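What follows is a short report on a single structure.
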Amino acid sequence: MTFSLAGRCTETGRIGFAVATSSVCVGARVGAIAEGCVVFSQARTDPRLHAVGISTWQRTKNAAETLSAMREAATSAHWRQLGILTLEGVPLHYTGASCLDHCGGFEGTNSLALGNFLGSADVLPEMVRAFEQAAGPLEERLQAGMLAGEAAGSEREPLQSAALKVLGDEGLMDADIRVDFSTDPLKDLGVLWRDWAPKAAAYRLRAIDPDAAPSSAEVEGRPA
């Protein structure tokens with residue numbers, strides 16, 4: 001009961017994903033990023049499979065081997081939905097026979113959409129279409145894809161949580177935003193993103209060059 005979207009930016013070399021579901025705290029359970037790839041474990045989710053995928057990717061740099069390792073490690077794989085998108089643009093996915101329809105994956109040039117228990121067969125193609133046609137930062141293109149999926153049918157139960165994660169340079173997350181419980185989580189995710197976006201560079205600077213970084217009060221616009 002989840003739909004997710006991984007995307008890459010060929011101009012900046014960044015990769016990330018967004019996800020939403022009808023249960024709480026999806027950001028704690030679905031999706032992981034390492035340098036060069038995003039992996040997904042969803043449907044009847046086993047977050048441990050993310051670690052299997054990331055470690056296999058880091059060892060092999062091979063998308064097919066990564067997906068195969070996740071599938072082989074999965075207990076009752078027929079309940080699992082798995083995917084990988086690499087920075088080189090390789091999207092692969094697997095949907096077990098017990099996942100609830102509408103379900104499956106849809107591949108774009110720079111993206112991969114996965115979903116199960118969806119409201120229509122149009123959700124995944126619309127997510128990819130909107131992402132591929134959107135302009136702007138990767139974070140905003142991912143959100144455009146998710147909103148298009150929601151408009152095309154979403155999933156069959158009301159959404160309750162959403163997350164957005166994008167990995168930048170030097171192993172630092174450019175965005176790591178979660179809405180753990182909401183009646184409109186994708187809208188609230190957009191609110192959080194608009195607050196975070198102008199602050200992200202300052203917090204990155206605090207990590208790599210703290211002597212040159214502004215204070216928290218300056219970043220947050222509070223009196224010194």
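The values are calculated or read from the model by the stated rules, or taken from the named source; none is laboratory data. Everything numeric in this text was worked out from a predicted model, so none of it was measured. All Cβ positions, even for glycine, are placed from backbone atoms using ideal geometry, and neighbour counts span all protein chains on display. Accessible surface is based on the protein model in full, side chains and every heavy atom, while ligands, DNA and RNA are left aside. Shrake-Rupley method; radii C 1.70, N 1.55, O 1.52, S 1.80 Å.
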Counting only residues that are charged (D, E, K, R) and crowded, with 24+ Cβ neighbours inside 10 Å, the stretch 13-27 contains a total of 0
Would you please name the residue that is most open to solvent (accessible area, probe 1.4 Å), looking only at residues in the stretch 114-152 that are more than 15 Å from the chain's Cα centre (by Cα) and closer than 19 Å to residue 197 by Cα?
-> 135
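Within the stretch 175-200, take every residue that is within 15 Å of residue 138 (Cα to Cα) and of a type in the set (A, V, I, L, M) and give me the one that is surrounded by the fewest Cβ atoms within 10 Å (Cβ to Cβ). Can you show your working first?
Just the residues of the stretch 175-200 that are within 15 Å of residue 138 (Cα to Cα), to begin with: 175-177, 189-190, 193-194, 196-198, 200.
Now narrow it down to the ones that are of a type in the set (A, V, I, L, M): 175, 177, 189, 197, 200.
Details: 175: 22, 177: 22, 189: 26, 197: 14, 200: 19.
The qualifying residue surrounded by the fewest Cβ atoms within 10 Å (Cβ to Cβ) is 197.
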Given the structure, is residue 56 over 15 Å from the mean Cα position of the chain (by Cα) and not in a strand (DSSP E or B)?
-> yes
Within the bounds of the stretch 51-67, is there any residue that is under 28 Å from residue 190 (Cα atoms), surrounded by fewer than 24 Cβ atoms within 10 Å (Cβ to Cβ) and in contact with a strand residue (DSSP E or B) (Cβ under 6 Å, 6 or more places away or on another chain)?
-> yes
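Out of the helices (runs of 4 or more DSSP H) lying entirely within the stretch 152-224, which hold 1 or more residues that are farther than 23 Å from residue 7 by Cβ and at pLDDT below 90? Quick ask: steps written out before the conclusion?
Values: elements: 185-196, 200-208, 216-220.
So the answer is 216-220.
Please go through the stretch 11-43 and pick out each residue that is assigned to a loop (DSSP other than H, G, I, E, B) and without any contact (Cβ under 8 Å) to a residue 40 or more places away in the chain. Show your work before the answer.
Of all residues in the stretch 11-43, those assigned to a loop (DSSP other than H, G, I, E, B) come to 11-13, 22-25, 29-31, 35-36.
Selection gives 11, 29.
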Quick one: in the stretch 87-104, of everything that is part of a strand (DSSP E or B) and in contact (Cβ under 8 Å) with a residue 24 or more places away in the chain, which residue is nearest to residue 16 (Cα to Cα)?
-> 91
